[in-house]
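The values are calculated or read from the model by the stated rules, or taken from the named source; none is laboratory data. Predicted, not measured: the structure shown is a model, and the values here were computed from it. Please note: Cβ atoms are built from the backbone with ideal geometry, for glycine as well, and neighbour counts cover all protein chains shown. All accessible areas refer to the heavy atoms of the entire protein, side chains included, with ligands and DNA or RNA removed. Shrake-Rupley method; radii C 1.70, N 1.55, O 1.52, S 1.80 Å.
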Amino acid sequence: MDSDRPAARLSSALVAVALVVAVIGSLGAPLITSVATTLHVPLAAAQWTLTVTLFAGAIAAPVLGRLGSGPRRRITVLGSLAVVVLGGVLTVLPLPFAFLIAGRALQGLGLGAVALLMSVARTELPEARASGTIAALSVASTVGIGVGYPLVGLIDQLAGLRAAYAFGLVLSAVALLIAWRTLPRDAPGPNPRLDVPGAVLLGVGTLGVLLVIAEPALWASPLLGGAVLGLSALVLAAWTVVELRVPAPLADLRLLGRPTVLRANGAMLVSGVGMYLLFSLLTRYLQTPPGAGYGFALPGVAAGAALIPFSALGFVAGRVVPRLARTVTDRGAFAVSASAVAIAAVLLAVGTGSLAVVLLAMTVLGFGVGGVSAVMPRLVLEDVPAQETASVLSINQIVRSVGFSIGSALAGLLLAAATPAGALLPPAGGYVAAALWALPLLAVSALIVALRR
């Protein structure tokens, strides 16, 4: 029993750091309105306090993954968390809005370090404990939403915007301390070579893709939106050429081209669209103003509290689904999780008039999202060497971010299309139709995983 204590301590520490990072990453969402009103900026500008964090995490993930693939993993994790602390300082100080955006961007680096934590678990823990720890790390973002949203909203309501960001600063300092005390020393070896041109090309290309997805205003001028998308595609094509030719690529595209890795990333992309589409619809529906004639007009703190069962069931799924996978295989566990998300979509579609049914849909969605997150590392790492864990998972994190961004944008697009001319809000039927769009997406993702060719 005593010999298992160091492994248990490391496992708990990794999950704690990932949970803190997830809470910090989600700080932007419940504070968007408060940023706009406190700092006197447009709501669209305040939205960037969330968007820039997600962007920074997606772009930093492959760079951190490559830096952490050798004997620099500990220092890479500690360095990224130190940058998160610095970002927290910028969010707390009474500086102009631009410094808040810069601070939130620096905090986004923590999101990119989650793949490194999974790499530590895979190489430093016994196989049985490593599998459960990686699953818990995968669902940390789901749990973090339920912990962060209501708590941060309450702090903002009681003590103001800067106090809410100060809470994030304290959490980031705690995460840095935990990591410094528990992460094992790296074994000596050759330092990893960072593919700087590849990192720049992937960062620029990914940023362009995420911009055209998450910023519908770009498409106010179709020529501008098309130009950004086309340029991003060219940059990513150039990145592919560079990665195939350099001796130490940022991501081994031949490894990413293996059928198991391709299927997992494809399923993550498609299911991510469906999951975040439904999550966006549910959170918006719960807060629909009273004048709409439907919805429940929950205030910010109450709407945040409605996410607690979402996170609780996500945590349960992180424990249950990996065990289920041992019985019905990883593909079967993914199908079960995707089915839970589909059930949540049906519940929203048939129960728009009942708060209890809508909250049940949110709860079931939490199980589905947690289940998909828990089983995804098992699917994507099926034939991947241990030393490439961080690199492959970091690319999977980018795919996940793109899928979530598409889902968020699709929710807004579908509701806007359902809104009558001159009206501010769509009819309740617009939510029903939009929710049903998730069903074919989830069916396709399950089919992608089920296919063996």
query: Is at least one residue of segment 98-111 among the charged types (D, E, K, R), over 18 Å from Y165 (Cβ atoms) and assigned to a helix (DSSP H, G or I)?
result: no
Of all helices (runs of 4 or more DSSP H) fully inside segment 352-453, the set with 3 or more residues that are at pLDDT below 90 and out of contact with any helix residue (DSSP H, G or I) (no Cβ under 6 Å at 6 or more places or on another chain) is 389-418
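Would you mind finding the one in L81, L86 that is in contact (Cβ under 8 Å) with a residue 12 or more places away in the chain, under 21 Å from Y165 (Cα atoms), open to solvent by 20 Å² or more (accessible area, probe 1.4 Å) and in a helix (DSSP H, G or I)?
Numbers: L81 fails: open to solvent by 20 Å² or more (accessible area, probe 1.4 Å).
Residue meeting the stated conditions: L86.
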Residues of segment 139-155 being assigned to a helix (DSSP H, G or I) and of a type in the set (V, I, T), in sequence order, are T142, V143, I145, V147, V152, I155
Condition test on A179, is it under 28 Å from P385 (Cα atoms), out of contact with any Phe, Trp or Tyr (no Cβ under 8 Å at 6 or more places or on another chain) and of a type in the set (A, V, I, L, M)? yes
Scanning segment 363-384 residue by residue, those in contact (Cβ under 8 Å) with a residue 60 or more places away in the chain, out of contact with any Asp or Glu (no Cβ under 7 Å at 6 or more places or on another chain) and crowded, with 24+ Cβ neighbours inside 10 Å turn out to be L365, G366, G368, V369, G370, V372, S373, A374, M376, P377, V380
Among residues of segment 187-196 being within 12 Å of V63 (Cβ to Cβ) and open to solvent by 40 Å² or more (accessible area, probe 1.4 Å), the residue modelled with the highest pLDDT is V196
Can we say I32 is open to solvent by 40 Å² or more (accessible area, probe 1.4 Å), of a type in the set (V, I, T), assigned to a helix (DSSP H, G or I) and within 24 Å of G403 (Cβ to Cβ)? no
All conditions in (1) over 15 Å from V143 (Cα atoms); (2) modelled with pLDDT of 90 or more; (3) among the hydrophobic types (A, V, I, L, M, F, W, C) are true of V17 except (1)
Of the listed residues (T182, T206), the one being within 20 Å of L67 (Cβ to Cβ), over 22 Å from the mean Cα position of the chain (by Cα) and buried (at least 16 other Cβ atoms within 10 Å of the Cβ) is T182
Checking L269, L286, L298 in turn, the sole residue that is in contact (Cβ under 8 Å) with a residue 12 or more places away in the chain and within 26 Å of Q397 (Cβ to Cβ) turns out to be L269
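Say we look at segment 234-254 and pick out the residues that are in a helix (DSSP H, G or I) and within 23 Å of the chain's Cα centre (by Cα); which of these is surrounded by the fewest Cβ atoms within 10 Å (Cβ to Cβ)?
Filtering first and then ranking leaves L253.
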The residue that is most open to solvent (accessible area, probe 1.4 Å), considering only those in segment 324-338 that are more than 22 Å from the chain's Cα centre (by Cα) and among the polar types (S, T, N, Q), is T327
Given the conditions (1) assigned to a helix (DSSP H, G or I); (2) touching a residue at least 40 places away in the same chain (Cβ under 8 Å); (3) out of contact with any Lys or Arg (no Cβ under 7 Å at 6 or more places or on another chain), every one holds for S11 apart from (3)
Output for Cβ contacts, cut-off 9 Å, separation at least six or different chains, first residue more than 13 Å from L447 (Cα to Cα) and at pLDDT 90 or above in segment 323-339, second open to solvent by less than 10 Å² (accessible area, probe 1.4 Å) and of a type in the set (F, W, Y), reads A325/F334
When restricted to L218, L210, L202, the only residue part of a helix (DSSP H, G or I), of a type in the set (A, V, I, L, M, F, W, C) and more than 15 Å from I398 (Cβ to Cβ) is L218
The condition of being open to solvent by 20 Å² or more (accessible area, probe 1.4 Å), part of a helix (DSSP H, G or I) and either of a type in the set (V, I, T) or at pLDDT below 90 (or both) holds, among A44, A58, only for A44
